[in-house]
1. Cβ-Cβ distance below 7 Å, separation of 6 or more or different chains: which pairs start in the range 143-168 with a residue that is farther than 21 Å from T25 by Cβ and in a loop (DSSP other than H, G, I, E, B) and end on one that is open to solvent by 30 Å² or more (accessible area, probe 1.4 Å) and polar (S, T, N, Q)?
2. If T104 meets every condition in (1) surrounded by 14 or more Cβ atoms within 10 Å (Cβ to Cβ); (2) assigned to a strand (DSSP E or B); (3) at pLDDT below 90 apart from one, which number is that one?
3. Within the range 92-124, can you find the residues that are among the aliphatic types (A, V, I, L, M) and under 20 Å from S144 (Cβ atoms)?
4. Just to be sure, is I118 hydrophobic (A, V, I, L, M, F, W, C) and touching a residue at least 40 places away in the same chain (Cβ under 8 Å)?
5. Could you list all residues from the range 73-92 that are open to solvent by less than 40 Å² (accessible area, probe 1.4 Å) and either of a type outside the set (A, V, I, L, M, F, W, C) or free of Cβ contacts under 8 Å to residues at least 60 places away in the same chain (or both)?
6. Filter the range 8-39 for residues that are at pLDDT 90 or above and either surrounded by fewer than 13 Cβ atoms within 10 Å (Cβ to Cβ) or not hydroxyl-bearing (S, T, Y) (or both); which is farthest from E131 (Cα to Cα)?
7. For the structure I just gave you, tell me whether K47 is over 28 Å from K157 (Cα atoms), modelled with pLDDT of 85 or more and charged (D, E, K, R).
Amino acid sequence: MRKLITILILAASAISYGQTFDINTENASVYFNYLSEKTTGSLSGVKASVTIDAANLSAAKVTGTVDVSTLSTKNKMRDKHLQSADFFDAEKYPTMKFESEQITKDGDIYNAKGKLTIKETTKDVTFTVTEKEGKLKFKTTIFSADYGVAVKKGREKSKLVIVVKIPIG
């Protein structure tokens, strides 16, 4: 993570305060694990940006979207159903979005607190952020039922672990 902070500080010193820039997300991915169904999958089409204020790194901001049409569980029939109006309704809601509101540090781990929007529902979430092997790893747990993604079981059965990996450097 020090490498990331160093990169951000150097970039910020070369540019004006509060500068926003896009990060290379060509090889970035979102992975999910739907715990009760033991189903894993991924999404691509990640777009993200970072805003840096060299005088106040705690004011850093991360925003990102992911393309719902790229959802893959390696089962084409299930993927088509997940993208339908029964679940994510990819035609009506083509992206999911995260926008940080606060980034804090706890030891070697950063926490990006913010708003996650899936379909038309926005909820507070916190991603833990770590750096390993040249990638930023954002991780959180949500309940798909909280976002109106249809599940026939109770809320607890809609638990998902989400991991976003973004190459850096």
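The values are calculated or read from the model by the stated rules, or taken from the named source; none is laboratory data. Just so we're clear, the structure is a prediction, and the values are computed from it rather than from any experiment. Positions of Cβ are generated from backbone atoms using ideal geometry, with glycine treated the same way; all protein chains shown enter the neighbour counts. All accessible areas refer to the heavy atoms of the entire protein, side chains included, with ligands and DNA or RNA removed. Shrake-Rupley method; radii C 1.70, N 1.55, O 1.52, S 1.80 Å.
1. Hits for this filter: G148/T121; K153/S36.
2. (1)
3. Passing the criteria: M96, L116, I118.
4. Numbers: hydrophobic (A, V, I, L, M, F, W, C): yes; touching a residue at least 40 places away in the same chain (Cβ under 8 Å): no.
Against the criterion (hydrophobic (A, V, I, L, M, F, W, C) and touching a residue at least 40 places away in the same chain (Cβ under 8 Å)), I118 does not qualify.
5. T73, D79, L82, S84, D89, A90
6. Only one residue fits best here, namely N33.
7. Working: over 28 Å from K157 (Cα atoms): yes; modelled with pLDDT of 85 or more: yes; charged (D, E, K, R): yes.
For K47, the condition - over 28 Å from K157 (Cα atoms), modelled with pLDDT of 85 or more and charged (D, E, K, R) - is met.
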